[in-house]
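**Student:** Supplied in structure tokens, the structure appears directly below.
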Amino acid sequence: MPRISLQKVTMRFGDIYAVRDIDLVIKDGEYLTILGPSGCGKTSLIKVISGLWTPSEGRVLIDGEDVTDVPIEDRQVGYVFQNIALFPHMKVAKNVSFGPRMQGKTTEEGKEIADRFLKLVNMLDRLNMFPGELSGGEQQKVAIARAMASGARLLLLDEPLSALDARVRMDLRYEIRRLVKELGITVIHVTHDQDEAMSVSDRIVVMRNGSIVESDSPMRLYRRPNNLFTAYFIGETNLLEGMVSDKDDRNILVKLRDGTDIKVGGNRHFNINDAIVLSVRPEYVYPAKEGLSAKVVQVIYMGSYWRVVTRAKSEDIVEYNIPKHHEPPAIGQELELVFNRKMSMVYRRPKEGISEAVRLE
Amino acid sequence: MSLTKRIDDLSSRRDIRSGWFGIITFFFLAFIILPTVYVLIYGITDFQNLSDTVLDDPETMSLIWGAVFTSFSLALLVTIIDLIVGVPMAWIMVRKEFRGKKLLDTLIDMPLAFPTAALGFSIGIFWGLPIDAPVPPGALGIIASPYILIMLLHIIFTYPYMVRSLSAILEQIDQSYEEAGMTLGASRMTAARTITLPLFRAGLITGFILCFARSLSETGGTFIALITIGQADKFFTGPTLIAWFKRSTLAPEEVEAILAVVSIILIVTAIIFLLIIKFVLGRINVPFDKVWPRWERVLSRGMVPKAKDAISFVWLFAIVIIPSFFIFAYLLVPSPAEMDWSGLINALSFSFMVAGVVTLADIVLGVPMGLYIARHRDKKLAQIIDSLVNIPLIVPTTALGFSLALFWTSQDLVTNITFLVIMAHIAFTYPLVVRNVAGAVMEVDPSYEEAARTLGAKPFATFRTVLLPIVRSAVLAGAILAFTRSLGETGATVAVSSEANTVPVYIVNLMNSGDYYLAAVSAMVLIMVSFVFMFALRYTIRRDGGGY
Amino acid sequence: MTVVELKGLSKRYGSTVAADSMDLKVEEGEYMCILGPTGAGKTTALKMVAGLIDPDSGQILFDGKDYTKVEPESREAAMLSQVYSLFPHMDVNGNVIYGPRIRGWDVQESQDIVDNMLEMVHLNRRKDAFPCELSGGMQQRTALARALASGSKVILLDEPLRALDARLRIELRREIRSLVKAMGITAIHVTHDQEEAMVIADRVAVMRYGKVVQVGTPKEVFDTPVSPFVANFVGQSNFFTGKLVSNGDYSVVENDMGINVKARPCQLPIGSEVVVAIKVGNTQLRTEEGFLIGRVERILYEGVTIHVDVMANGKLFSAKLPNRKYEEFSPGDEVVVGWSADEATVFPMPEQGLEEELRLE
């Protein structure tokens, strides 16, 4: 199984940098997801790794061997395209055996390999159909089988689910992860969908403007993001502007715009009067007797819980979740909110303003 | 209430819309399709007469069959050669980015702007051995065979059709198919051969038919090239045979009968042949499956692809561009002392008048038809019209012109030559406009129009304010194509009447009377005029393209 | 303010049925979502309301009046398509003012409306930009402004968020709802994304095979589905098949593993073949005793919830639990799968079989 490492990879088109100075190591058998909004450079990066593009600068190493100038057909990487790209004039079996045949295997050997991989994705009964006769989800499963049948040591998934229905997407992402973990191959998956990234990955690399913002396991990124953008991009969160008003050896005190004081654990590196942004996820906000005053604007039923949207006295929109069996508050009702001290994150307030710092496009 | 407002309101009524479409369809069927194939009806009703005067005359018949055979073998050969050199060129144009690509793009289209009459002259003096035309310095003069000379000529003006239709399809084939093949271990050449080429079939067929029909139908260029080398009364293609008989001194009834037979044979065989091509090419199973990984890998790398690209460029310049432009070498030949410009001016003004009227008619009647075809592809009627539109493109223009004149004069409906010439030119340019518009509209997502309708726009207002601005450049392209084609057409004009004095006919007459210098000057003038139009076209399209 | 009613609408294309005597009533000022998989006939239904497709039979009523034969431009029902269809040759202002201009309203008045509208979608500073110069989200908002500025009484939204990044969709769906609600017009919104439907709609109509399967508030559709398909499409479900043993305060089903399980009461005859559905969000994992014992296969941290797959009696069960439970389980643990009886719904066994009934594509 290969270990991939990118060293100072830069991809430039004229004066525009698609990706810039990327250093990244992908371990054996790891499921790594590159996550970011449109135009962040994630597709450029995967095209460089695949060999479809040659980087303007930097090197790509697979198992310590420099493959920067190895043409794509000799790299043994399986690539699954966003638009699926099954050959429309070949039957499913032919599509899957294309890779083996290209390596000089006989038709029989190719057929055998195709059968094996189609069985893995539960598509054996579609053997003699043309891609056009399959549904979108089925097509993508065949495409994955095709990519793996070529003997790929590394599977690259370029937004593999974005052409599919939301509900199909959900089922397929669990299936993809199960499959690749069974085979133990290394995967690099590119997506803009944070839910998808969270469910499939061992590790997520968050990208923005051609650079890596941060990378960590889904749980760490959700609970303890190092960066305001990550906090906003992965999962939903409430962002409140404030100022550090006091600190002791355990906590800091954050003063919101309306003067309410909120106590937050840790973060002792902040100084009094620092301008900050407080980020707290809706499941860590609770109604209480005393806290931040807020007024309910909307109540949404989310299936497994209610989402309550409020406007706080500090002019921030604050949302919180309550269990589905509880009676939701009425619209217009006034209430007090408190935040989970341990699960609140504090960031230095960005100079360009919050909305610019978390802008999605 | 303003006129547009009134039309907007009328367009909201379904019965009015159907009525308007009925009128357009009637015009198309009665004034274009029927006259084009009228000679077939004539052939059936007057069979006895034809049989007596022509069919039973073995000498004439062998002349006719010989000419038709020459036409078909030429067209086939030319098309195959175009295909072989066209595929690599289309690949370069679509899949590669390089400096000077726009220039190359223009160069490939060059022959479209050359009136074939001018081309024929240029080719004749460059490759051939002219009998008494003065030869400018630089001419090669190495080809004595009229067959090869005509082949070289036809390759030039069919080449852009082939490259264009191939690249149009290639552009639509998503590159990710090839990329997918390569990630699966296929070398560049294997991926192109096993994946892209099979998907390419539609483009091959269109290119094949366009080139074939164009070559089959060419009259003026062929005729003039033959005159230059003194073979015009010895070597015939189907269309030049018609032109030759039209000028012969035989009795008019006899000429009519002979021309009818030639026309019928040309039309029927052309249609049958093209149906066969469509059927056979669509079904041939080339063994795309076999792969030779090692050999193809070798062929995909290093010198081989470079050599292939180099040959494509050499072909473009040595065979297409330089011979076409050779006519300008006439500027180096000393001019005779006196020149009579009045004939050229008369011919020019007549040509312009015809082309102008024709283009206008094409736009008014062709744009709605293109729109209908593009937006009702699921309806039977639209599909039928869609195939009917191609008929005037397939039918050799000489046969078309003859048939059309026969239709109008047979019942003494109209005998005015100007009218007949205009109708003939409309018949073979109308499909160009319809095709262009239909093609462009099909590319436009119907949701633009749907959005406009739900925002309160009446159908005609939707067309005016949304669709037309979006496809404007395609309409313009169709119009200019129609204009230049009309300007350069010889065959149809001659077939209608040998007295209609358009510029190409004027050139033929000059050459027949040995006035080569003036003929060359007239050809150059015609080329320059066409160029101006073509560059105007490219300018508008490019400017439009930047908008969105 | 308009009531839109679809009565017995049918439409066929050759052998495909796009609408099969479809009925739906949308109340004045209501935000209705039509939710269904690709090919359910959602877009056809919407286009029939817009007047862009003629139904084969049936009626469309606006405020009780028959509009079936009315031309689209006279219906005052503006449509917003998933590709936005912004006119490429007009700038933002030109696009938004198109409706008022084409209806011949007073020029100054129209401009005021447009300015106001652009202000609401935060595009007043991009008035002179052409569609190709805008990001996806801005294009979407321009299209929305254009539809709302046209003075229509009904707005039809055809998967308006499909082309956007996942995270941006979450931002924009809120915005769309609040704008439409602020204008007080009737809205019909088509989507395949159940989460989007739940969050944005007053009521949801679930469609399949050209028919409306269920209409109700998000809570009704989620909590009391009328068929196994709805149970699985709107939020995932775990399924059992079995025989109905008794019916009373609870129904008791003997499942195919020979175990009796309790579920909500139903109206089916004793002894009939049934399907029991439990939402993954209502599936619990306990460590105390129970009848359905399995082994944890994997745990995925997905943000607000964790996703746990459990293999029990050779069947895979999934559960979505609050994220604080992440540390409570690890792969290989023995757990008991359970649920409360009033979270389990009993359906008659579908004629075409359960697998076919649950097909998503």
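The values are calculated or read from the model by the stated rules, or taken from the named source; none is laboratory data. Everything numeric in this text was worked out from a predicted model, so none of it was measured. Cβ coordinates were reconstructed from backbone atoms using ideal geometry, including for glycine residues, and neighbour counts include every protein chain displayed. Note: areas computed on protein heavy atoms with side chains; ligands, DNA, RNA excluded. Shrake-Rupley method; radii C 1.70, N 1.55, O 1.52, S 1.80 Å.
**Student:** Within segment B:395-410, work out how many residues are in contact with a helix residue (DSSP H, G or I) (Cβ under 6 Å, 6 or more places away or on another chain) and either surrounded by 24 or more Cβ atoms within 10 Å (Cβ to Cβ) or among the β-branched types (Val, Ile, Thr) (or both).
**Tutor:** Total meeting the criteria: 11.
**Student:** Just for helices (runs of 4 or more DSSP H) wholly inside segment B:402-509: which have at least 1 residues that are under 22 Å from the mean Cα position of the chain (by Cα), within 14 Å of another protein chain (Cβ to nearest Cβ) and more than 14 Å from residue B:366 (Cβ to Cβ)?
**Tutor:** Details: elements: B:417-443, B:447-454, B:459-462, B:468-488, B:491-496.
Passing ranges, in order: B:468-488.
**Student:** Could you list, in sequence order, all residues of segment C:233-256 that are among the hydrophobic types (A, V, I, L, M, F, W, C) and at pLDDT below 90? Walk me through how you get there before you give the answer.
**Tutor:** We begin by selecting, within segment C:233-256, every residue among the hydrophobic types (A, V, I, L, M, F, W, C); these are C:233-234, C:239-240, C:244-245, C:252-253.
Of everything in segment C:233-256, just one residue is among the hydrophobic types (A, V, I, L, M, F, W, C) and at pLDDT below 90, namely C:240.
**Student:** Based on what the data block shows, is residue A:162 modelled with pLDDT under 95, of a type in the set (S, T, N, Q), open to solvent by 20 Å² or more (accessible area, probe 1.4 Å) and on the phi < 0 side of the Ramachandran plot? Outline the logic, then answer.
**Tutor:** Values: modelled with pLDDT under 95: yes; of a type in the set (S, T, N, Q): yes; open to solvent by 20 Å² or more (accessible area, probe 1.4 Å): yes; on the phi < 0 side of the Ramachandran plot: yes.
Yes; evaluated as a whole, the condition is true for this residue.
**Student:** Pick out, from segment A:186-250, the strands (runs of 3 or more DSSP E) lying fully within it that include 3 or more residues that are of a type outside the set (Lys, Arg), more than 14 Å from chain C (Cβ to nearest Cβ) and open to solvent by 10 Å² or more (accessible area, probe 1.4 Å). Write out each step before concluding.
**Tutor:** Numbers: elements: A:186-191, A:203-208, A:211-216, A:238-247.
Result: A:211-216, A:238-247.
**Student:** With respect to the numbered conditions (1) farther than 20 Å from residue C:223 by Cα; (2) more than 12 Å from chain A (Cβ to nearest Cβ); (3) of a type in the set (D, E, K, R), which one is the sole condition not fulfilled by residue C:297?
**Tutor:** Here residue C:297 clears every test but (2).
**Student:** Could you check, for segment C:334-345, whether at least one of its residues is over 24 Å from residue C:222 (Cβ atoms) and polar (S, T, N, Q)?
**Tutor:** Going residue by residue through segment C:334-345, those that are over 24 Å from residue C:222 (Cβ atoms) are C:334-336.
Narrowing the set further to residues that are polar (S, T, N, Q) leaves none.
Scanning segment C:334-345, I find no residue that is over 24 Å from residue C:222 (Cβ atoms) and polar (S, T, N, Q), so the answer is no.
**Student:** Considering only residues that are open to solvent by 30 Å² or more (accessible area, probe 1.4 Å) and more than 18 Å from residue C:175 (Cα to Cα), look in segment C:127-146 and name the one that is farthest from the other protein chains (Cβ to nearest Cβ).
**Tutor:** Across segment C:127-146, the extreme among qualifying residues is C:127.
**Student:** So residue B:19 clears everything in (1) farther than 28 Å from residue B:217 by Cβ; (2) at pLDDT below 90 except one condition, right? Which one?
**Tutor:** (2)
**Student:** Further, regarding this structure: Using the structure shown, decide if residue A:265 is within 13 Å of residue A:340 (Cα to Cα), without any contact (Cβ under 8 Å) to a residue 60 or more places away in the chain and surrounded by 14 or more Cβ atoms within 10 Å (Cβ to Cβ). Give the steps one after another, and end with the answer.
**Tutor:** Working: within 13 Å of residue A:340 (Cα to Cα): yes; without any contact (Cβ under 8 Å) to a residue 60 or more places away in the chain: no; surrounded by 14 or more Cβ atoms within 10 Å (Cβ to Cβ): yes.
Taking the combined requirement at face value, the residue does not satisfy it.
**Student:** Looking at segment C:263-280, can you tell me whether even one residue there is surrounded by 14 or more Cβ atoms within 10 Å (Cβ to Cβ), over 23 Å from residue C:224 (Cβ atoms) and in contact with a helix residue (DSSP H, G or I) (Cβ under 7 Å, 6 or more places away or on another chain)?
**Tutor:** no
**Student:** So which residues in segment B:1-27 are open to solvent by 60 Å² or more (accessible area, probe 1.4 Å) and not in a helix (DSSP H, G or I)?
**Tutor:** Matches in segment B:1-27: B:1, B:2, B:13.
**Student:** Residues in segment C:31-47: is at least one away from chain B (no Cβ under 14 Å), without any contact (Cβ under 8 Å) to a residue 24 or more places away in the chain, among the basic types (Lys, Arg) and out of contact with any helix residue (DSSP H, G or I) (no Cβ under 9 Å at 6 or more places or on another chain)?
**Tutor:** Residues of segment C:31-47 that are away from chain B (no Cβ under 14 Å), as a first pass: C:31-42, C:45.
From what's left, without any contact (Cβ under 8 Å) to a residue 24 or more places away in the chain: none.
Checked segment C:31-47: no residue is away from chain B (no Cβ under 14 Å), without any contact (Cβ under 8 Å) to a residue 24 or more places away in the chain, among the basic types (Lys, Arg) and out of contact with any helix residue (DSSP H, G or I) (no Cβ under 9 Å at 6 or more places or on another chain).
**Student:** Could you please let me know if residue C:255 is more than 16 Å from the chain's Cα centre (by Cα), away from chain A (no Cβ under 13 Å), open to solvent by 10 Å² or more (accessible area, probe 1.4 Å) and on the phi < 0 side of the Ramachandran plot? Reasoning before the result, please.
**Tutor:** On the way: more than 16 Å from the chain's Cα centre (by Cα): yes; away from chain A (no Cβ under 13 Å): yes; open to solvent by 10 Å² or more (accessible area, probe 1.4 Å): no; on the phi < 0 side of the Ramachandran plot: yes.
In short, no.
**Student:** Hey, among the residues in segment C:55-66 that are surrounded by fewer than 21 Cβ atoms within 10 Å (Cβ to Cβ) and within 30 Å of residue C:97 (Cβ to Cβ), which one's nearest to the other protein chains (Cβ to nearest Cβ)?
**Tutor:** That would be C:62.
**Student:** Mind checking whether some residue in segment C:150-159 is within 14 Å of chain A (Cβ to nearest Cβ) and either aliphatic (A, V, I, L, M) or open to solvent by less than 20 Å² (accessible area, probe 1.4 Å) (or both)? Outline the logic, then answer.
**Tutor:** Step one: of segment C:150-159, the residues within 14 Å of chain A (Cβ to nearest Cβ) are C:159.
So of that shortlist, the ones also either aliphatic (A, V, I, L, M) or open to solvent by less than 20 Å² (accessible area, probe 1.4 Å) (or both) come out as C:159.
Yes: segment C:150-159 contains one or more residues that are within 14 Å of chain A (Cβ to nearest Cβ) and either aliphatic (A, V, I, L, M) or open to solvent by less than 20 Å² (accessible area, probe 1.4 Å) (or both).
**Student:** For segment B:172-255, list the helices (runs of 4 or more DSSP H) that sit wholly inside it and hold at least 2 residues that are away from chain A (no Cβ under 14 Å) and surrounded by 24 or more Cβ atoms within 10 Å (Cβ to Cβ); which are they? Steps first, please.
**Tutor:** Working: elements: B:175-183, B:188-191, B:201-217, B:220-228, B:238-246.
Correct list: B:201-217, B:220-228, B:238-246.
**Student:** Just give me the residues in segment C:307-361 being among the polar types (S, T, N, Q) and in contact (Cβ under 8 Å) with a residue 12 or more places away in the chain, in sequence order.
**Tutor:** Hits for segment C:307-361 are C:313, C:318, C:323, C:330, C:340, C:345.
**Student:** Taking segment C:300-322, which residues are of a type in the set (Val, Ile, Thr), in contact with a strand residue (DSSP E or B) (Cβ under 7 Å, 6 or more places away or on another chain) and within 10 Å of another protein chain (Cβ to nearest Cβ)? Step through it out loud before you land on a result.
**Tutor:** Taking segment C:300-322 and keeping what is of a type in the set (Val, Ile, Thr), we get C:304-306, C:308, C:310.
Cutting the leftovers down to in contact with a strand residue (DSSP E or B) (Cβ under 7 Å, 6 or more places away or on another chain) gives us C:305-306, C:308, C:310.
Within segment C:300-322, C:305, C:306 meet the criteria.
**Student:** Further, regarding this structure: Just the residues that are within 14 Å of chain B (Cβ to nearest Cβ) and open to solvent by 50 Å² or more (accessible area, probe 1.4 Å), please, taken from segment A:59-70.
**Tutor:** Result: A:69, single match.
**Student:** Which ones in segment A:218-236 are without any contact (Cβ under 8 Å) to a residue 60 or more places away in the chain and at negative phi?
**Tutor:** Restricting attention to segment A:218-236, the residues satisfying the condition of being without any contact (Cβ under 8 Å) to a residue 60 or more places away in the chain are A:218-222, A:226, A:230, A:235.
Correct list: A:218, A:219, A:220, A:221, A:222, A:226, A:230.
**Student:** With the condition kept exactly as written, say whether any residue in segment A:40-51 is within 16 Å of residue B:183 (Cα to Cα), outside any helix (DSSP H, G or I), out of contact with any helix residue (DSSP H, G or I) (no Cβ under 7 Å at 6 or more places or on another chain) and within 14 Å of chain B (Cβ to nearest Cβ).
**Tutor:** Checked against the condition, which is being within 16 Å of residue B:183 (Cα to Cα), outside any helix (DSSP H, G or I), out of contact with any helix residue (DSSP H, G or I) (no Cβ under 7 Å at 6 or more places or on another chain) and within 14 Å of chain B (Cβ to nearest Cβ), segment A:40-51 yields no hits at all.
**Student:** So, residue A:279, is that one closer than 30 Å to residue A:38 by Cα, open to solvent by less than 70 Å² (accessible area, probe 1.4 Å) and touching a residue at least 40 places away in the same chain (Cβ under 8 Å) or not?
**Tutor:** On the way: closer than 30 Å to residue A:38 by Cα: yes; open to solvent by less than 70 Å² (accessible area, probe 1.4 Å): yes; touching a residue at least 40 places away in the same chain (Cβ under 8 Å): yes.
Considered against the rule, which asks whether it is closer than 30 Å to residue A:38 by Cα, open to solvent by less than 70 Å² (accessible area, probe 1.4 Å) and touching a residue at least 40 places away in the same chain (Cβ under 8 Å), residue A:279 comes out as yes.
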